Structure formats: structure tokens, C-alpha cells
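Working notes for the structure below.
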Amino acid sequence: MNKFVTLAAAMLTAVAAVAQVPVYMDETRPIDERVEDALSRMTTAEKAGLLHAQSKFSSRGVQRLGIPELWCTDGPHGIRPEVLWDEWDQAGWTNDSCVAFPALAALAASWNPEMSALYGKSIGEEARYREKDVLLGPGVNIYRTPLNGRNFEYMGEDPYLASRMVVPYIKGVQDNGVAACVKHYALNNQELNRHTTNVIVDDRTLYEIYLPAFKAAVQDGGAWSIMGAYNLYEDRHLCHNTRLLKDILKGEWGFDGAVISDWGGVHDTSEAAEGGMDLEYGSWTNGLSSGASNAYDNYYLADPYLALLESGKASEDELNDKARRVLRLIFRTAMRRDKPFGALCSEDHYAAARRIGDESIVLLRNEGSLLPIDPAKSPNILVVGENAVKMMTVGGGSSSLKVQREISPLDGIRAMAGDPSKVKYARGYVGDVTGEYNGVVTGQDLKDDRTPAQLIAEAVDMARDADYVIFVGGLNKSAHQDCEDSDRAGLELPYGQDDVIRALAAANKNLIVVNVSGNAVAMPWAKDVPAIMQAWFLGSEAGNSIADVIYGRVNPSGKLPFTFPVKLGDVAAHNFGEKAYPGIKRADSPILDESYDEGVLVGYRWHDTRKVKPLFAFGHGLSYTTFDYGKITADRKHMAAGDSITFTVPVTNTGKVAGAETVQLYISDSKASVLRPAKELKGFAKVWLEPGETRDVTFTIGKDALSYFDADRHEWVAEPGEFKAHAAASAADVRSTVAFHLD
Ligand code: BGC
């Protein structure tokens, strides 16, 4: 045979081989075509086999057809370490330490969608390297009360801010061939009684406040999966809530991905079957606790579902719809050949964590420009407080991590000090000395048996000799702090920290308080402390980011994504008695009814409209420079319904150092037929300005930014008349206003 004949024969064999690739395996074909082909080859049992977990974090594919399994991981701040097949205990792998990124509340405080894109890309790469298909996050439940133990995992109190910030995260993750699983859909705004709280909320509030970030995640972010929440709405668990899952998510928003249950969020086979649940995880059904045979066959969407299908009580169409969605999720992730490889613990990821942390720290107060500290002068610095040394990446619930490294604030401050030996440490208070989650241990020994009086006396004594005192306190990741499955008991700082701060303020006038938390805390001493920083849970690079800002290596540019109230009673949700929080228990069942009586007046909407002065307003954050806002102008005085309108405001850096300012655009309706918040955020832009530099910041909005949700008509309505646009540095700091008309 000559070589051309050999070549032709080889080509024919190759063509034949290609022709034999089944449609569902052929990645050149559209996903939906492949999904239909796969579905047509599957038995009923195989379809149902896709719809429930096979281990703590994985679910089946179709072995016979070569359709791969799905592997999930928490989320949302780093990649969770490997647990055993059917236990929460550690699997003991030695390749699963990760980079911890700042908590999502911190990300929101950066007010910078570019940081969100960087975050999504980086964590997506870590997930990909660890061969995960679904990242359980991000979370966008609205910050309704500062008691919610899980606010640190969410993006603040404003639906517009959360919507803008969630989208780039999702895209960044999914560019890696890893699905984001947006959680916890929806109305999961507290941890207390999270399995038994039935939320009562009017439709207008639901659509204006609690749903927009989820809608943006689905429609603008293109999220491939979403997690149903634990609680109830309209008397039905959210993991089988027909209205939220089928009518709104899959119907109104056209979501084509899979709904994954929160772990143990499914409670009933037929409700889950017809209520829009696609993939059940974490159920604690019979068999699972004792591990009899295969417990996962007992899941609601496993054998019991098959029985329902066989008896004709569940429809084949419904089964196909669920299987289609899960297949789509598998084809988009696990069954993709063209995915990048990802990376774990790369220098880029540490740099990303630090940058995001740097941009998220909020300088709340800086009287007499106490900060930044000049390291060149090698001052005597006293660092006080448990949070200066306590590891924060372990604990807090499912977001707990096993990190390759975590820089503590004390280490960060020492590393950047001119003379590290001049940075001393005093404990100040003893908070929670435990450091363990699901078998991951910090290994820190934080035990200290001294009395509070002894600890304060030591700190005060040392404070007298210091040029600066930096108190690092706040909350931590233990139960009833910033932690899943429990809420805080109050707004106050725990462990007697207020006493320590007061004593330090009396001993040294150069006191800086660094509050590490994911929630607002009461600061009754605020006026006596010249410098206050909100430093969040910043992950692996925490100490470096904090030191960056303290020493002025970074000019702070974070702004609060939620209001700091003076006291708990100033928070909207805490104004309507027990029925609005934590809910009232029914006499005959474990269910509590909780009524969101504050309606749309959540966060700054309440403070502004009801004129309740906050301690620090939503959107507040200082810089080491100052910014002047010029007059805001509109490109037109009148707009018609189909028009857009553009506002311009010049902003100047009037200080001596370069810095970034987040300019906020709020809109108010001058006269409305319904109660509308005094103003609402409808735009923001973070601009970097050199000293003396001026830039025009522009915002273009359409009618949607003027609308409220009319529940009776089930549509967004903008009433003609006068509106005002405000250029503001925070919700409490409007710099310039212009009026315009909707005709
Ligand atoms: C949490 C989820 C988490 C899941 C898996 C649940 O308890 O609410 O956010 O993704 O566990 O760990």
C-alpha cells in the first residue's frame, strides 16, 4: 500500500470514530441537544439517580453512559477541606489547604466590581484545581438585622449593591468551568430557628429588597445553580417552595440551571418533586445516621421518589425537567473538556486576597489624622486584644477553612513596623479560646486564666508608655458571634471589650480600634476613640491588609455595605416586637411566624425615612485624603418612560495623597402614591484620583431606577412627576442634588 492509501484509510477510520461519538458526548453540539440525547438513553431509575447526593458533597452521574459525578464544595471564602464520604469529620487529606479570601461582607465593602471579578476568578481557580464542579456560594441574603450570625457571608443591606457585586464573582468562578451556587434562596435573613421560621413578607418588599440580587445572579451573572434555603415562606420550606422556585426563579426569570437543596433542607418527597427542587443534599433521613446499607437511597428524591413515580403520583415530565437541569449542570462543569486547570495557593491568589482586603477595610473615624502611622519613625506601639492573634479562618460554620497560612493582625503590624521589637502585645480580654471546626484545629493555645481586671491593668500599664495603642477586637467565628446556625444575643461587643477600650482610651489618647467582624457592633465609646477601623474577616492575608492601611501603604477606600446603628432598637426589624424578630412560635407546631413588618424600609432606607441617626451610615468610609464633590448635573430636565438620563458630578482629590472615592448615586421620588424610602442607591462608581486631580463621574439610569414594585399589578411602576438625584459620599452625606421629571 502506498502512503496515500494508508492515510486515506486512517482518515476514514477517524471519521467513522467521530460518527460513533454519541450526541451527548459531542462537545461541538449545543448543550440542550446533548442533554436531550442523554435523557433519551436513560432509565427512570438513572434519571432519579441524578437527583440526590451519594456522599456528603457529591452526587451521581450515569456510570453506564460515562456521565461524570458532580463534586460540590463550600464556599464562599475558600475551598473547604475534604471530609469523609459520609461524615463531617476530616478525611485527612494533605493536599487540601487553601487560600482564604476576605469574607463576602468585606468584598461588598470594596464597592468595586473589579475586586469581585478578581475574587471569583481566584476562588474559581482554587476550586478547579481541587477538581470541584460546584462552589457553594456566593451568598446574597440581605442584611436585615445585625444579629444574623451569617451576615459576614453576605453582601450587605442594599439590593443594588449586592446585585452589582455578585455578578462578576459568579462569572469569574464559572469561567473556570466551576458552577457558582448562589445561596440561600431566599428570605434566609437570620440563623436563629433557621429550619422553622416562616417568613411573612409582602410582595413589594420581596421584589424590591430580597429578590433583586438573586435575579441579577441568575440573569446577569448566568449562575448555573442556586441553593434553596432552610426556612419557610408561605408555610412551605424554601427547598420545595413552588412560588419561589417554579413561578419566580424558573418561570419569571427563566433560570435554566439546577436548584440544589441546602444540606438537609428537603423534608417531603411530593412537595420537593412538584415544588421545583432538583438536587437533594445533606438530608438526615432514616439510615443516614446509622449508615444502614446505602442511606442515600432513602433520600426524599431517591427511592421514595421512584415509588411515587411508579404509583403515578409524580409525573414523568417533572422528573425529566429535573434530570435535564442536573445534566445541564454536569455538562457545563464536570463533563467539559476545555476547562482550565486552575491553581491552588498561588502567589496570585495571595496577592488577590490582600488586594481585596486592602480595598475593603473601612476607616470609620480618624480624628486629627491619627492614622496612618509612619513606620519610619519606629514608634512604640502597643497592640491589645484577642483578635490580634486569633485565627479567624477556622470556625463560623460551613465556610470554615483549612488554610496554608493566615497572617494575624499582630504579625502583620510587626512585619511592617520600622522596628518590630517596638511593637508590644497585651491580651486585654479573653474571648473564645477554642479553635476547632469539624476536626480542623488552629493549634493555637489561647488559654489565659487571668481575671478581666488583671488583663485590663496590664494593658493600661503598657498603654501609658506607648506612642500608639492599637486595640484589635470585635467578634469571632464561635457560636452566637459571626457564626452559622446561631444569631448574636445583642449588638454589644462580647467579653467585656467595651471596658478594655474605655480604659485604654483613658490611658492613651492615641488609641486606634480595629473591629474585626462581619456585623455592626455597638460602639458606646466611639467619641472617645480618635481612630476606628472596620477590618472584617480578611482571610489568609488579614494581618497584611490591616497593616497596609495602618501604616498608609494603602489609602483606605472601603465603605460600609450596611448601617452601623447606635443601638439595636434603631434597626428597622427590631421595631415591631417579637413578631418581626425572632418570630412567634405556633402553639401546635415547631414553626415560628416572623413578619417583616418594616417592609421595604430595610437598613438606610429606615434610618433615612424615619430620621433615625446611625452611628456610621451605609456607604460611609474615610480616606487619608479628602474629596470635594462639585455640582451634580443632569443631561435633561425631563425624561420619558423609554429614555435614559445621565448625571455628571465632578469629584476632586483635595488632599495630599492619591486615593479612591466611591461616589454614590441615590434617587428619591418627590411625591408618590405609596410610601417610598427617602432615597435609594441606584448607582456607584469608585474613582482613583491623584492629589489635585478632578474627574467627572457619570451615571446613566433608566425608568427602572425610578420604579417601585406594584404588587397588585405585579409589575414595576414609575409614577410621573419630580424625582431627585443625589451625589453622595454616604447615605448620610449627600453632597449635591438635582431634580428632574419623569413625564
Ligand atoms: C449551609 C450551606 C452550606 C452547606 C454545606 C449548610 O449548613 O447552610 O451554606 O453550603 O451546609 O456545607
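In the set (1) of a type outside the set (D, E); (2) under 30 Å from H620 (Cα atoms); (3) within 16 Å of the ligand (Cβ to nearest atom), L135 fails one condition alone, (2).
The set of residues in region 236-256 that are within 16 Å of the ligand (Cβ to nearest atom) and within 21 Å of the chain's Cα centre (by Cα) comprises L238, C239.
Of G156, G120, all but one fail to be out of contact with any His (no Cβ under 9 Å at 6 or more places or on another chain), away from the ligand (no atom under 15 Å from the Cβ) and part of a helix (DSSP H, G or I); the exception is G120. A single entry from G276, G287 fulfils the requirement of being at pLDDT 95 or above and either outside any helix (DSSP H, G or I) or small (G, A, S) (or both): G276. For the residues V472, V430, V460, the requirement of being in contact (Cβ under 8 Å) with a residue 12 or more places away in the chain, more than 29 Å from N188 (Cβ to Cβ), of a type in the set (V, I, T) and part of a loop (DSSP other than H, G, I, E, B) singles out V430. Within region 314-327, the set of residues being surrounded by fewer than 21 Cβ atoms within 10 Å (Cβ to Cβ) and either polar (S, T, N, Q) or in contact (Cβ under 8 Å) with a residue 60 or more places away in the chain (or both) comprises S315, E316, N320, R324.
For V23, are the conditions met, namely being surrounded by fewer than 17 Cβ atoms within 10 Å (Cβ to Cβ) and either within 16 Å of the ligand (Cβ to nearest atom) or of a type in the set (A, V, I, L, M, F, W, C) (or both)? Answer is yes for this residue.
Criterion applied to A705, A711, A729 was being surrounded by fewer than 16 Cβ atoms within 10 Å (Cβ to Cβ), within 21 Å of L601 (Cα to Cα) and touching a Lys or Arg at 6+ places or on another chain (Cβ under 7 Å), and the one residue passing it is A711. Cβ-Cβ contacts under 8 Å between residues 6 or more apart (or on different chains), taken from a first residue in region 701-726 that is among the small types (G, A, S) to a second residue that is outside any strand (DSSP E or B) and at pLDDT below 95, are listed as G702/D643; A718/A641.
Kindly provide the set of residues from region 27-49 that are assigned to a loop (DSSP other than H, G, I, E, B) and either within 16 Å of the ligand (Cβ to nearest atom) or out of contact with any strand residue (DSSP E or B) (no Cβ under 7 Å at 6 or more places or on another chain) (or both), ordered by number. Those that are assigned to a loop (DSSP other than H, G, I, E, B) and either within 16 Å of the ligand (Cβ to nearest atom) or out of contact with any strand residue (DSSP E or B) (no Cβ under 7 Å at 6 or more places or on another chain) (or both): E27, T28, R29, P30, R41, T43.
With the condition kept exactly as written, say whether any residue in region 650-661 is out of contact with any Phe, Trp or Tyr (no Cβ under 8 Å at 6 or more places or on another chain) and in a loop (DSSP other than H, G, I, E, B). The answer is yes; a qualifying residue exists. Among the residues of region 389-427, those that are over 18 Å from A542 (Cβ atoms), in a loop (DSSP other than H, G, I, E, B) and either of a type in the set (D, E, K, R) or touching a Ser or Thr at 6+ places or on another chain (Cβ under 6 Å) (or both) comprise G418, D419, R427. Apart from one condition, Q444 fits all of (1) surrounded by 15 or more Cβ atoms within 10 Å (Cβ to Cβ); (2) in contact with a Gly (Cβ under 8 Å, 6 or more places away or on another chain); the exception is (1). On inspection, G428 fails the criterion of being under 29 Å from the mean Cα position of the chain (by Cα) and crowded, with 23+ Cβ neighbours inside 10 Å.
Put simply, of I226, I170 the only residue that is within 16 Å of the ligand (Cβ to nearest atom), outside any loop (DSSP other than H, G, I, E, B), under 30 Å from S270 (Cβ atoms) and among the β-branched types (V, I, T) is I226. Working only within region 350-388, note down all residues that are closer than 27 Å to T434 by Cβ and in a loop (DSSP other than H, G, I, E, B). Selection gives I361, G385.
In region 402-419, the residues that are free of Cβ contacts under 8 Å to residues at least 40 places away in the same chain never reach a residue that is crowded, with 22+ Cβ neighbours inside 10 Å and assigned to a helix (DSSP H, G or I) with C-beta atoms less than 6 angstrom apart, at least six apart or across chains. Answer yes or no: is there a residue in region 205-216 that is touching a strand residue (DSSP E or B) at 6+ places or on another chain (Cβ under 8 Å), at negative phi and within 16 Å of the ligand (Cβ to nearest atom). Scanning region 205-216, I find at least one residue that is touching a strand residue (DSSP E or B) at 6+ places or on another chain (Cβ under 8 Å), at negative phi and within 16 Å of the ligand (Cβ to nearest atom), so the answer is yes. Residue selection: Y233 satisfies the criterion of being away from the ligand (no atom under 13 Å from the Cβ), buried (at least 20 other Cβ atoms within 10 Å of the Cβ), farther than 14 Å from V140 by Cα and not acidic (D, E). Screening region 55-90 for residues that are without any contact (Cβ under 8 Å) to a residue 40 or more places away in the chain and in a strand (DSSP E or B) and picking the one that is farthest from the ligand (Cβ to nearest atom) gives V62.
Could you tell me which residue of region 596-617 is surrounded by the most Cβ atoms within 10 Å (Cβ to Cβ), considering only residues that are touching an Asp or Glu at 6+ places or on another chain (Cβ under 8 Å) and not in a loop (DSSP other than H, G, I, E, B)? Filtering first and then ranking leaves Y604.
All conditions in (1) in a loop (DSSP other than H, G, I, E, B); (2) within 12 Å of the ligand (Cβ to nearest atom); (3) surrounded by 23 or more Cβ atoms within 10 Å (Cβ to Cβ) hold for H195, with the sole exception of (3).
The values are calculated or read from the model by the stated rules, or taken from the named source; none is laboratory data. What you see is a predicted model, and the numbers here were worked out from it, not measured in a lab. Glycine also receives a Cβ, built like all others from the backbone with ideal geometry; neighbour counts cover every protein chain displayed.
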